[in-house]
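K.L.:
Here it is: the structure, laid out below.
The values are calculated or read from the model by the stated rules, or taken from the named source; none is laboratory data. What you are looking at is a predicted structure, and each value in this text was computed from that prediction instead of being measured. In this analysis, Cβ positions are derived from the backbone assuming ideal geometry, glycine residues included, and neighbour counts consider all displayed protein chains. What goes into the accessible areas is simple: the full protein's heavy atoms, side chains included, and nothing from ligands, DNA or RNA. Shrake-Rupley method; radii C 1.70, N 1.55, O 1.52, S 1.80 Å.
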Amino acid sequence: MRILVTNDDGIHAPGLRALAEAVEDLGTVHVVAPAVERSAVGHAITLFEPLWIERMHDGDKELGVAVSGTPADCVKLAIQALLPEPPDLVLSGINRGANTGTNVLYSGTVSAATEGTILGIPSIAISIASFEFRDYEPSIWVARELVRDLREHGLPRGTLLNVNMPPLPRGEIRGVRYTRQGRARYVENFIERTDPRNRTYYWMEGEKEDRPEPPGSDETAVAEGFISICPIHYDLTDWAMLRSMEGRFAELGGVPAPDLPPSAP
Ligand code: MN
């Protein structure tokens with residue numbers, strides 16, 4: 001089994017190293033990750049400059065390839081140019097900080113896994129819901145179990161798994177919940193400052209908003225001490241609205257009723 005390991009915290013992040021080592025004995029591991037931290041770049045790709053790569057070593061051991069681009073760039077480049085053969089699995093993480101609710105849209109960690117999925121490869125994103133928690137042992141345990149499960153059951157085409165770990169030692173984790181993407185989001189504030197050359201700049205800060213979550217949400221699961229496993233699809237269509245759109249925007253020339261495939265949700 002060939003496993004591509006990537007992240008958005010950068011090639012030097014301890015979570016990346018922990019994830020690569022976690023699955024080392026389950027297959028051939030290739031690490032291709034951003035050269036610097038690229039958290040919150042979402043699904044951005046690099047079009048107007050080249051992608052520089054650097055092969056990183058620790059003594060004789062090759063640690064992986066650092067890429068000057070985004071997490072999505074790393075997955076594309078690895079699969080289409082760097083790896084001798086396409087991987088059987090893409091693992092992204094272990095991210096510092098939760099990727100629940102709307103944060104999934106900004107997340108480079110999840111976008112790397114989404115890119116793997118777009119390219120037809122089963123993919124998993126793993127995050128720890130804390131910026132300080134340093135115990136990777138529970139995440140490693142979960143990553144290994146997920147790899148075993150995927151090897152047996154695969155994933156539906158177009159679907160990836162977004163996994164969030166509570167920041168707890170394994171003995172205190174209450175179990176797994178299969179979740180839906182919740183509403184978690186940040187309330188942001190722009191701090192205005194002046195630079196040494198007297199120019200005004202803004203720097204965004206934010207903290208998670210305390211808002212009600214729908215039943216079964218990823219955010220609630222993690223907050224209550226459970227591992228959240230949320231299947232995500234990159235098809236953003238609102239199927240319920242699509243079914244009820246007939247007659248709308250008629251002035252635009254009569255929109256035909258959408259021809260929905262029977263398998264649509
Ligand atoms: Mn990150």
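K.L.:
Take the alpha-carbon centre of the range 184-259, take the same for the range 59-99, and report the distance between them in whole Å.
P.N.:
Here the two parts' Cα centres lie 26 Å apart.
K.L.:
Give the ranking of M245, M56 by solvent-accessible surface, highest area first, calculated with a 1.4 Å probe. Could the numbers behind the result be given before it?
P.N.:
On the way: M245 60, M56 35 Å².
Heavy-atom accessible area, descending, gives M245, M56.
K.L.:
Next question. When the dipole is taken about the Cα centre of the range 149-265, and only Lys, Arg (+1) and Asp, Glu (-1) are charged at their Cβ, what size is it in debye, to the nearest 20?
P.N.:
Working: 15 positive and 19 negative charges, 44 e Å.
Here the range 149-265 has a charge dipole of around 220 debye.
K.L.:
What accessible area per residue comes out for the chain, rounded to a whole number of Å², with a 1.4 Å probe? Mind showing how you got there, number by number?
P.N.:
Values: 14580 Å² over 265 residues.
Averaged over the residues of the chain, the accessible area is 55 Å².
K.L.:
Summing Lys, Arg as +1 and Asp, Glu as -1, what charge do residues with Cβ under 12 Å from the Cβ of E188 carry, E188 excluded?
P.N.:
Result for the neighbourhood of E188: -1.
K.L.:
Residue by residue through the range 78-88, which ³J(HN,Hα) values in whole Hz follow from phi under the Karplus form 6.51 cos²θ - 1.76 cosθ + 1.60 (θ = phi - 60°), with glycine and proline marked x?
P.N.:
Each residue's phi maps through the Karplus curve to give 4, 6, 9, 9, 8, 7, x, 9, x, x, 8 Hz.
K.L.:
Another question, if that's okay. In terms of modelled amide H atoms, which long-range or inter-chain residues lie less than 5 Å from the amide H of I227?
P.N.:
Sorted by chain and number, the residues that satisfy this are R174, G175, V176, R177.
K.L.:
About the Cα centre, and with charges only on the beta carbon of Lys, Arg (+1) and Asp, Glu (-1), how big is the dipole of the chain? Nearest 20 debye, please.
P.N.:
On the way: 25 positive and 38 negative charges, 42 e Å.
So the dipole magnitude of the chain works out to roughly 200 debye.
K.L.:
Scan around V5 for amide H atoms under 5 Å from its own, H built in the peptide plane at 1.01 Å from N, and keep only partners 5 or more places away or cross-chain.
P.N.:
Here H30, V31, V32, L91 satisfy the definition.
K.L.:
Can you pull the three principal axis extents for the Cα set of the range 1-72, in Å, largest first?
P.N.:
Between the extreme Cα coordinates on each principal axis of the range 1-72 lie 37, 23, 22 Å.
K.L.:
Ignoring ligands, DNA and RNA, please state the percent of accessible area on the chain from carbon and sulfur, probe 1.4 Å. Present the calculation step by step, with values, prior to reporting the outcome.
P.N.:
Working: 7620 of 14580 Å².
Using a 1.4 Å probe with all protein chains present, the chain comes out at 52 percent carbon and sulfur.
K.L.:
I've got another one for you. List, in order, the whole-Hz ³J(HN,Hα) value for each residue of the range 40-53 obtained from phi through the Karplus relation with A = 6.51, B = -1.76, C = 1.60 and θ = phi - 60°; use x for Gly and Pro.
P.N.:
Ordered by residue, 3J(HN,Hα) equals 6, 8, x, 9, 4, 10, 9, 10, 10, 8, x, 9, 8, 10 Hz.
K.L.:
Another question, then. For the chain, what does the helix formula give at 222 nm: sum of -39500 (n - 2.57) over DSSP H segments with n ≥ 4, over the residue count, nearest 500 deg cm²/dmol? Before the final figure, lay out the partial values.
P.N.:
Working: 7 runs with 59 residues, N = 265.
After summing the helix terms and dividing by residue count, I get -6000 deg cm²/dmol.
K.L.:
What are the ³J(HN,Hα) couplings of the range 232-249, residue after residue, when phi is run through the Karplus curve with 6.51, -1.76, 1.60 and θ = phi - 60°? Round to Hz, x for glycine and proline.
P.N.:
Values per residue, Gly and Pro as x: 10, 10, 7, 6, 8, 4, 8, 5, 4, 6, 4, 5, 10, 8, 4, x, 7, 6 Hz.
K.L.:
Can you pull out the GluC sites (Glu not before Pro) in the range 71-165 whose DSSP state is coil and whose Cβ has at most 14 other Cβ atoms within 10 Å?
P.N.:
Working: sites: E115, E132, E145, E152; in loops: E132.
Those that pass, being in a loop and sparsely packed, are E132.
K.L.:
Among residues other than L51 whose Cβ falls under 12 Å from its Cβ, what is the net charge (Lys/Arg +1, Asp/Glu -1)?
P.N.:
On the way: positive: K76; negative: E49, E54, D73.
Counting the neighbours of L51, the net charge comes to -2.
K.L.:
So, counting K/R as plus one and D/E as minus one, what does the shell of residues with Cβ under 12 Å around R144 add up to? Please report the intermediate quantities before stating the final value.
P.N.:
Numbers: positive: R148, R151; negative: E21, E24, D25, E137, E145, D149.
Surrounding charge for R144 is -4.
K.L.:
On to the next question. Would you please give the residues with an amide H less than 5 Å from that of N95, counting only those at least 5 places away or on a separate chain, with H modeled from the backbone geometry?
P.N.:
Here I126, S127, I128 satisfy the definition.
K.L.:
Additional query: Would you kindly find the accessible area of R177, with a 1.4 Å probe and non-protein molecules such as ligands, DNA and RNA excluded, rounding to the nearest 10 Å²?
P.N.:
Solvent-accessible area, nearest 10 Å²: 80 Å².
K.L.:
Which of N198, N95, N164 moves the most in a Gaussian network model of the chain with Cα springs under 10 Å?
P.N.:
Comparing N198, N95, N164 in a Gaussian network model of the chain, the most mobile one is N198.
K.L.:
While we're looking at this one, here's another question. If you average the sequence gap of Cα pairs under 8 Å that are 6 or more apart and divide by the length of the chain, what percent do you get for the contact order?
P.N.:
Numbers: 556 pairs, mean separation 42.6, N = 265.
It comes to 16 percent, rounded to a whole number.
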